[in-house]
Protein chains: 2
Amino acid sequence: MQARKNFNDFFKSAFTVDNVIFGFDEGKLKILLIRRNEPPFEDFWALPGYFVQPKEDLEAAAARVLREMTGMENVYLEQLHTFGSPGRHNLGRVITVAYYSLVKIADFRPRAAGLAQDITWHTVDDLEQLAFDHEEIVAVALDKLKKSIRTRPVGFELLPPAFTLTELQHLYEAIWETELEKRNFRKKILSMGLLEDLNRTQEGVAHRPAKLYRFDEAIYRKLEESGFNFEMKESKSK
Amino acid sequence: MQARKNFNDFFKSAFTVDNVIFGFDEGKLKILLIRRNEPPFEDFWALPGYFVQPKEDLEAAAARVLREMTGMENVYLEQLHTFGSPGRHNLGRVITVAYYSLVKIADFRPRAAGLAQDITWHTVDDLEQLAFDHEEIVAVALDKLKKSIRTRPVGFELLPPAFTLTELQHLYEAIWETELEKRNFRKKILSMGLLEDLNRTQEGVAHRPAKLYRFDEAIYRKLEESGFNFEMKESKSK
DNA sequence: GCAAAAGTGTTTCATCTACACCCATGT
DNA sequence: ACATGGGTGTAGATGAAACACTTTTGC
């Protein structure tokens, strides 16, 4: 470590938060992007984010950005990774703490934050070039999401409060980019006892209507305390 | 989002890296702490860390701190979490990016960074009060380590290049704070085919000497590419 | 020959995998 | 009546859990 410096030299950085906001719709995994209307990267799509206010907690900043962009509150939000290459921003040293969020896409009402920016959902498998290092951030978020739905019951955050087993299966298939075997998937998820049968069915579908379920978080918390581990497998072997 | 501000207002933060450096010795999991010799938290034990230099990458900063404190290079180092409560540092807004590191404790040669500070290993199960929010950081690191050794072959980073199966088992037991069944543990780990039998044995022990193994990273990488998932279980049932 | 840890096999049980047909509804 | 997805059971394979005794070395 070099000799003691004037500490003030270190107080010349800025922090931002960037959110990877996942949604699920039409059988596809999506993320919410905003089109920048100012340099740098003007007209590029980017992750919603902003500077962290001087007395603001990091997670609060992420929640604020999410609220301002989508009108949503109390949604699943978790810190992902921090990106801080010296050259990642042209205004100076800007480090971004990336968060990822899982939202029910039907609840979304865009509010483009006073800036009248485009803000729309994009399917993750055909993203164009994004601003800054946001492609890398999205890649890390996708990776984390794949692992996360395997070991924690967070997939439900992307579905409406009442969902069918097939919808849930399609969600796993979309995120893992694989196909799952219907009977085994159902047996596995039902055997955990985390889904409550709502005794209601789909309406208006041109085939046998499916039963609706909800995820019972209270049961999950209890099981978790007594050592239960949520776990889904990708299988469908080779 | 509020009206556009002078962006300069945001460039008044500093960031640091802090390292949770894990080692394993005498059957116990340890972390490396430094005793502070200046305020704030003078005389408290703290995680090794320092300000990130203006043009330095985050991971490079973490590696630098590690090298300066321990003389070690090329060791396992991974980003953990970023801590940024507004009140966590008295000099101003300081956000810390925490890393965790797994090292072979025998390689350690302390170099107290010109500051002649105490730097010693502490067993993790009886830590006194630490400086700043470092207790929280250690708790998060421990949690991550527990999960990490379950699904990735990183435990070997804490052992010498040649180790016995019993040492490996004790490592898992120390981190998970549980006991494992010897025969099942051995069958499980050997069945993965990641350990190379070195055809050497312990010397100077007052009992039957154990065989020495090494972890074969090349094989692991190959298996991983073809879809293999490392996984150890805590079991020993209830 | 005794102490101390190393090393090893089998049975039981639970879970995972693969697989094909009937059911309920809308049109 | 037909098209569409919903819904179910079983046999076989695999992996996990439980459990006790023999072996090798130093002293």
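The values are calculated or read from the model by the stated rules, or taken from the named source; none is laboratory data. Remember, predicted model here, so these are calculated numbers, not experimental data. Positions of Cβ are backbone-derived with ideal geometry, glycine not excepted, and every protein chain shown enters the neighbour counts.
A few comments on the model shown:
- Scanning the stretch A:132-147 for residues that are in contact (Cβ under 8 Å) with a residue 24 or more places away in the chain and of a type in the set (Gly, Ala, Ser) gives a single hit, A:ALA141.
- From B:LEU91, B:LEU58, B:LEU77, residue being more than 18 Å from B:LEU33 (Cα to Cα) and modelled with pLDDT of 90 or more: B:LEU58
- Apart from one condition, B:GLU59 fits all of (1) touching a Ser or Thr at 6+ places or on another chain (Cβ under 7 Å); (2) within 14 Å of another protein chain (Cβ to nearest Cβ); the exception is (1).
- Going through (1) within 16 Å of DNA strand D (Cβ to nearest atom); (2) part of a helix (DSSP H, G or I); (3) within 14 Å of chain B (Cβ to nearest Cβ) one by one, A:ILE137 falls short only on (1).
- Residue selected from the stretch B:1-37 under the condition at pLDDT below 85 and of a type in the set (D, E, K, R), by the criterion farthest from B:ASP107 (Cα to Cα): B:ARG4
- Residue tally, condition without any contact (Cβ under 8 Å) to a residue 60 or more places away in the chain and part of a strand (DSSP E or B), over the stretch A:174-226: 11
- Meets criteria (at negative phi, more than 14 Å from chain A (Cβ to nearest Cβ) and either more than 16 Å from DNA strand C (Cβ to nearest atom) or surrounded by fewer than 17 Cβ atoms within 10 Å (Cβ to Cβ) (or both)) for B:PRO110: no
- Close contacts from the stretch B:43-64, counting a first residue that is over 26 Å from B:ALA139 (Cβ atoms) and a second that is part of a helix (DSSP H, G or I), with Cβ to Cβ under 7 Å and a gap of 6+ residues or different chains, come to B:GLN53/B:ALA61.
- The set of residues in the stretch A:179-238 being within 8 Å of DNA strand D (Cβ to nearest atom), under 26 Å from the mean Cα position of the chain (by Cα) and exposed (fewer than 12 other Cβ atoms within 10 Å of the Cβ) consists of A:LYS182 alone.
- Of all residues making up the stretch A:18-63, the number that are among the small types (Gly, Ala, Ser) and part of a loop (DSSP other than H, G, I, E, B): 1
- Here B:PRO160 fulfils each of the conditions (1) away from chain A (no Cβ under 14 Å); (2) within 16 Å of DNA strand D (Cβ to nearest atom); (3) assigned to a loop (DSSP other than H, G, I, E, B) apart from (2).
- Enumeration of residues in the stretch B:64-99 that are outside any loop (DSSP other than H, G, I, E, B), of a type outside the set (Val, Ile, Thr) and within 11 Å of another protein chain (Cβ to nearest Cβ): B:ARG64, B:ARG67, B:GLU68, B:MET69, B:GLU78, B:GLN79, B:LEU80, B:HIS81, B:PHE83, B:ALA98, B:TYR99
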